[in-house]
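**Q** One structure is given below, represented as structure tokens, and several questions about it will come after.
Read-outs throughout are calculated quantities, based only on the coordinates presented, and are distinct from any laboratory measurement. As the structure is a prediction and not an experimental result, all values here were calculated from the model. Cβ placement follows ideal geometry from the backbone for every residue including glycine, while neighbour counts extend to all protein chains displayed.
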Amino acid sequence: MQIPFFQRGVRINLTSRDIKFETLNDMWYRKFLGGKGLGALLLFNNLGVSVDPLSSENVLIFLTGPLTGSSFPSASRGVVVTKSPLTGTFLDSNIGGNFGKALKSTGLDYLIIEGKAERPTWLLISDNGIFFKDAQAIWGKSTSETELALKKEIAQRGVEVAAIGPGGEQQVYFASIACGQRMFGRGGAGAVMGSKNLKGLALLGQSELPWFKSEAFLIEAKKAREKLQSNQSTKKGGTFPQYGTSFTTAVTNSMGVLPTRNWQEGVFEKADSIQAEEFFKKKGRSKTCYQCPIACSMIMKPESEIDSESAMRRPEYETIYAFGPNCGISDVDTITKANHLCEEYGLDTISCGVVISYLMECQQRGIISDVFLNPLPEFGDADSLFATIKYIMENGKTDNPLAKGVKRLSEAVGQGTERFAMCVKGLELPGYDPRGMKGMALLYATADRGGCHVRGSTLRAELLMNPKDRFMYDGKAALAAGMQPIYAMMDSYSGCLFSAFALTIDDYAAALSALFEENITTQDLIDAGKRIWNLTRYFNCREGFSRKDDMLPARLFEDPVPFGPTKGQVVDRTRFEAMKDEYYKILGWDVKTGAPIIDLEEYTI
Ligand code: SF4
């Protein structure tokens, strides 16, 4: 079956094995751009209310953005959208590497996966057709083993495989999907894939992408590349190419906002031993995403493994925080191995690290519970860290709440431990303590997929540019309300967030104008971001979320940071609620309920 270009999406039903190609009116691309935005629109229109995320009724949508697959630099991310089993909210998660380009090269902008396969299945998606394949022989295999097995079976150049590991098969609520050592990490899309008995997708596209070859577009792509190559942070030898996000540990530790031992402290006494340089010393080679000159990723030594599918990758800052200071670990190799285990099992590292740090604090406090494993892991102990990661992976389908995230786990344990279950709406928190950066408190509380650092981030605004203001509340509502739609916009046109160190929205507007041969302004893009942010909020409200759920763990309101540059700080409840009032007003949402006031027609396909 040939997939013509004008049919931009496909709906694959795993139950009935029906395959239907479909086209969306161009208007929807103008309004929602692609990626996250288009995924939100499709999810909203294809999912009933209160659907169990792990039932066959949930849908899993893979998408590309309008620039994906082009020579425009750092703009080829792929996106998955679904309803999250971890939070019950809207979920979008994006991935670098080659996934997006590979999907686009099949001639498709998106895949909607519906239903549930009768037995373990993988899908071959190529421009020669879509084929259902038996996955019995690879069920139980790690993500890299699966990738290798499918590539071997297809035996053609250019194939990319996105797969779940045992964590997804077991439906661990924070299971991820891997592709070429990159992850759709947060929120449990891997569990949704596992619940559908879908082990993997192999993408084999060889379609030409002629619309990316116009002269005007190529000029914009070249200009953007030159900007990236001359910016301090993104040029060769700059911060990102050398250290990726691992440089952040030094910043957060020096400001006292590096969550340590399950957020009991904000400074890690052994932070020097896990600084960016320590990881850099073990460099094997750099790795990059499709058409990105930054190359912020790094494969670690040993030499013998550098080019294998299962070589160890340098962990991102969030993973360094989650398995490092947060678990009292000060050893580069331990953090790297914990990251690697999660990638092979297919688990989100932030969630996994925070579940384990919660257990470690229970151990520290002598809290005993039937729902725990025995013995409990201890702060600073590598062996118990590794053993717990494995135990979580194995217990997804059991009644043990360990694999269902820290919110459910703490509710099962009780004994007041909910106050130090470090999550928002069930999504475990990333590595920036909002007691020392009040804008982050509001961003975590209101992010559409739960506590998240990439739905707006005040790292630059509060820590790097304006550190004197970081304990203040004034102006932070406007900062958050302005930032979130911009991040939604970037996740929709498939731009990498790190490119924002060198590129502006104007650069993207110029590229999209050249691509679509019409005038697309910066304001058009920001308006699309607002539309998308309203829609994901509306989706969550339709699922029963409201203002009361825009809430932080009690520890952040009640336990002052004990020492360091953030000493004595909490998030003040009254000021926090006042920030929320202002934030809802700015976005035009109902202040009492936090619900957006929208014209549904604008969102109904
Ligand atoms: S900056 Fe890093 S994550 Fe972003 S596109 Fe480039 S290599 Fe990928």
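**Q** Taking 8 Å as the Cα distance limit and 6 or more residues as the minimum spacing, I'd like the relative contact order of the chain as a percentage.
**A** RCO, the chain: 16 percent.
**Q** Next question, about the same structure. With contacts defined as alpha carbon pairs under 8 Å and 6 or more residues apart, what's the relative contact order of the range 159-297 in percent?
**A** Rounded, it is 16 percent for the range 159-297.
**Q** Over the range 43-133, what relative contact order in percent results from Cα pairs under 8 Å that are six or more residues apart?
**A** 27 percent
**Q** Follow-up question, since we're still on this one. What's the magnitude of the charge dipole for the range 9-211 around its Cα centre, counting Lys and Arg as +1 and Asp and Glu as -1 at the beta-carbon? Answer in Debye, nearest 20.
**A** Computed about the Cα centre, the dipole is about 260 debye.
**Q** Can you tell which of THR260, GLY129, TYR173 lies farthest toward the positive end of the dipole of the chain, using +1 and -1 charges on the Cβ of basic and acidic side chains (Lys, Arg; Asp, Glu)?
**A** GLY129
**Q** With bins 20 Å wide starting at 0, give me the P(r) of the chain over every alpha carbon pair, in whole percents.
**A** 21, 59, 19, 0
**Q** Let me ask another. Count the net charge of all other residues whose Cβ sits under 13 Å from the Cβ of ARG261, scoring Lys and Arg as +1 and Asp and Glu as -1.
**A** Counting the neighbours of ARG261, the net charge comes to -4.
**Q** Let me ask something additional. Can you bin the range 359-399 into rounded, prolate or oblate? Criterion: square roots of the alpha carbon gyration tensor eigenvalues sorted a ≥ b ≥ c, rounded for a/c under 1.5, prolate for a/b above b/c, oblate for the rest.
**A** In terms of gyration-tensor shape, oblate.
**Q** If you don't mind, there's one more thing I want to ask. Residue farthest toward the positive end of the dipole of the chain, with Cβ of Lys/Arg at +1 and Asp/Glu at -1: which of ALA224, LEU198, TRP28?
**A** With unit charges placed on the Cβ atoms, the residue in question is ALA224.
**Q** Can I ask one more? Of the listed peptides 178-184, 216-222, 259-265, what is their order by residue-averaged count of other C-beta atoms within 10 Å, with the highest listed first? Please report the intermediate quantities before stating the final value.
**A** On the way: 178-184: 25.1, 216-222: 17.4, 259-265: 23.0.
With the highest mean Cβ count within 10 Å placed first, the list reads 178-184, 259-265, 216-222.
**Q** Here's a follow-up. Starting from the Cα of LYS151, draw a straight line to each of the lysines and keep only those under 18 Å, dropping any in the same chain fewer than 8 residues away.
**A** Filter leaves LYS101, LYS133, LYS141, LYS199.
**Q** Determine, for CYS292, CYS327, the number of other Cβ atoms within 10 Å of each Cβ, and report the residues in order from fewest to most.
**A** CYS292, CYS327
**Q** Report the Cα centroid-to-centroid distance between the range 496-567 and the range 379-437 in angstrom, as an integer.
**A** The two parts, judged by their Cα centres, are 26 Å apart.
**Q** Can you sort VAL257, VAL561, VAL159 from fewest to most other Cβ atoms within 10 Å of each residue's own Cβ?
**A** Ordered from fewest to most neighbouring Cβ atoms within 10 Å, VAL257, VAL561, VAL159 come out as VAL159, VAL561, VAL257.
**Q** If we restrict to alpha carbons, what Rg and Dmax does the range 324-375 come to, in Å?
**A** 12.1, 33
**Q** Here is a follow-up. Arrange the following residues from fewest to most other Cβ atoms within 10 Å of their Cβ: MET579, MET298.
**A** In increasing order of surrounding Cβ atoms, one gets MET298, MET579.
**Q** Could you give P(r) for the range 9-211, binned at 5 Å from zero, as whole percent values over all Cα-Cα pairs?
**A** 1, 8, 17, 22, 23, 17, 8, 3, 0
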